[in-house]
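Below: one structure, written as structure tokens.
Quick note: the coordinates plus some simple rules give every number you see, no bench work behind them. If you're wondering where the values come from, they're calculated on a predicted model, not measured in any experiment. Because the Cβ atoms are built from the backbone with ideal geometry, glycine has one as well, and the counts that use them run over all protein chains shown.
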Amino acid sequence: MANYFIIGGSSGIGQKLASQLAEAGHQVISTYFKNKTEPKQPSISTHYLNVLDETVDISFLPETLNGLIYCPGSINLRPFARINPADFTADFNLQVVGAVKVIQAALPKLKVSDNPSIVLFSTVAVQSGFNFHSQVSTSKGAIEGLTKALAAEFAPTIRVNCIAPSLTDTPLATNFINTAQKMETNAQRHPLKRIGTTEDIANMAEFLLSEKSGWMTGQILHVDGGISTLKI
């Protein structure tokens, strides 16, 4: 049994991953900020955590951690000229500085475990370039850089990888898929003709946490229905 720490495990991809890890027999420590949910599996515990606090309190964690998964994010799509610089800062604090603070706090617990792994999240928009994605791409681009830097620094002890999804059916993406027409339009943009599910992304995260990916670190994995590489 392994101990996994999921920041932002109360909904979407984080919630799905927590459930899958618990079903596999692992202990999951999950955090929430706004929406507390009661987990169905007894091996999932939930704790309040605000990553924007000056100091993050993770005293509820066990002595060892086998994996850390940082899920908090935002999708703010607007023309660049209409984005206040403060909006870039707020986004960066949530998606990058929050991850830095949590990783630094949890590092001693990761170092003493077997095959520890960190999984971060980017977006397909960073390397593909999409209209109106400057805000999210700035923060997630930093996450991709952080992934590679930490993978180099923590090797060979801790593996660090990053998942870069395309549009996925989560509460965060509700505004983009809240009608049948929007769902179909976005599905048709992808070579596989559907948008992602939380299970699609959680499956990759679970793989990156496991020993099956034991020779992988510093990678940006595109789980995106083919949209980043295929033009059909």
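For the chain, the Cβ-based charge dipole about the Cα centre amounts to some 540 debye (Lys, Arg positive; Asp, Glu negative; other atoms uncharged). log10 I(q)/I(0), Debye, Cα-only the stretch 130-232, no solvent, q = 0.11, 0.24 Å⁻¹? Reported log10 I(q)/I(0), two decimals: -0.41, -1.33. For a straight C-alpha distance cut-off of 22 angstrom, the lysines reachable from Lys231 (same-chain residues fewer than eight places away being disregarded) are Lys182, Lys193. Summing charges over all other residues whose Cβ lies under 13 Å from the Cβ of Asn203, with Lys and Arg as +1 and Asp and Glu as -1, gives -2.
Under 5 Å from the amide H of Leu68 lie the amide H atoms of Phe5, Ser117, Ile118, Val119, each residue being 5 or more positions distant or on a separate chain, with H modelled from the backbone and absent for Pro and chain starts. For the stretch 1-71 versus the stretch 180-232, the inter-centroid distance based on Cα atoms is 22 Å. Computed over the chain with a Gaussian network model linking Cα atoms closer than 10 Å, the most mobile of Ser122, Ser74, Ser166 is Ser74. In units of the compact-protein estimate 2.2 N^0.38 Å, the chain shows a Cα radius of gyration of 0.98.
Counting only alpha carbon atoms, the long axis of helix 198-209 and the longest principal axis of the chain meet at about 40°.
Per residue, the convex hull spanned by the Cα atoms of the stretch 17-75 measures out at 107 cubic angstrom. Note on the stretch 1-136: Rg/Rh from C-alpha atoms, Kirkwood Rh, equals 1.00. Summary value for the chain: 20 percent relative contact order, contacts being C-alpha pairs under 8 angstrom separated by 6+ residues.
The spacing between the stretch 156-177 and the stretch 85-149, judged by their C-alpha centroids, is 11 Å.
Taken along the Cα-to-beta-carbon direction at a fixed 7 Å, the label points for Glu184 and Lys40 span 3.1 nm. Counting only lysines at least 8 places from Lys212 when in the same chain, those with an alpha carbon closer than 23 Å to its own are Lys16, Lys109, Lys111, Lys148.
Sorted fewest first by neighbouring Cβ atoms within 10 angstrom, Val223, Val136 come out as Val223, Val136.
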